[in-house]
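See below for the structure under consideration.
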Amino acid sequence: MSRISRILVILAGVMGAGGVILAALSSHGGDAALLGPASSMLLFHASAVLGTVALAERCLIQPKGALAAALGFVVASLLFAADLTMRQYSGHRLFPLAAPTGGTFLILSWLLLVVTAAWPQRL
């Protein structure tokens, strides 16, 4: 496993743990309208990172583009979740439009994954 793949798997584990923590906080008195979506983004995209890394490591899709998409999933979902979590616990946004920016980067990361699957690497 490449170093970047190992780092992405570790980050996916942290995202998964964070998603479960936010789900628990949401169900034990937190604002479910904020913490629920933050939890979901982390959990869904942790799985997407793991799947993308696995596809890249097996060279089933173009590895460089796939790993870039996986990194995009990590950064964008953390940005989205951090903004919603900060709103819950500090009453402030991470920065203006942080959650929509994260969401936009998630869309772009998914589209990058599409491109890397549609155009396989040249041998």
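Observations on the model:
- Filter result for residue 68 (crowded, with 17+ Cβ neighbours inside 10 Å, modelled with pLDDT of 95 or more, closer than 15 Å to residue 3 by Cα and not polar (S, T, N, Q)): yes
- Looking only at segment 1-34, and only at residues there that are polar (S, T, N, Q) and farther than 27 Å from residue 58 by Cα, the one that is surrounded by the most Cβ atoms within 10 Å (Cβ to Cβ): 26
- If the condition is being surrounded by fewer than 19 Cβ atoms within 10 Å (Cβ to Cβ) and over 21 Å from residue 32 (Cβ atoms), then segment 78-111 contributes 95, 96, 97, 101, 104, 105, 107, 108, 110, 111.
- Scanning segment 46-59 finds one or more residues that are within 12 Å of the chain's Cα centre (by Cα), under 20 Å from residue 110 (Cα atoms), of a type in the set (S, T, N, Q) and surrounded by fewer than 20 Cβ atoms within 10 Å (Cβ to Cβ).
The values are calculated or read from the model by the stated rules, or taken from the named source; none is laboratory data. Quick caveat, the model's predicted, so the values are computed rather than measured. Because the Cβ atoms are built from the backbone with ideal geometry, glycine has one as well, and the counts that use them run over all protein chains shown.
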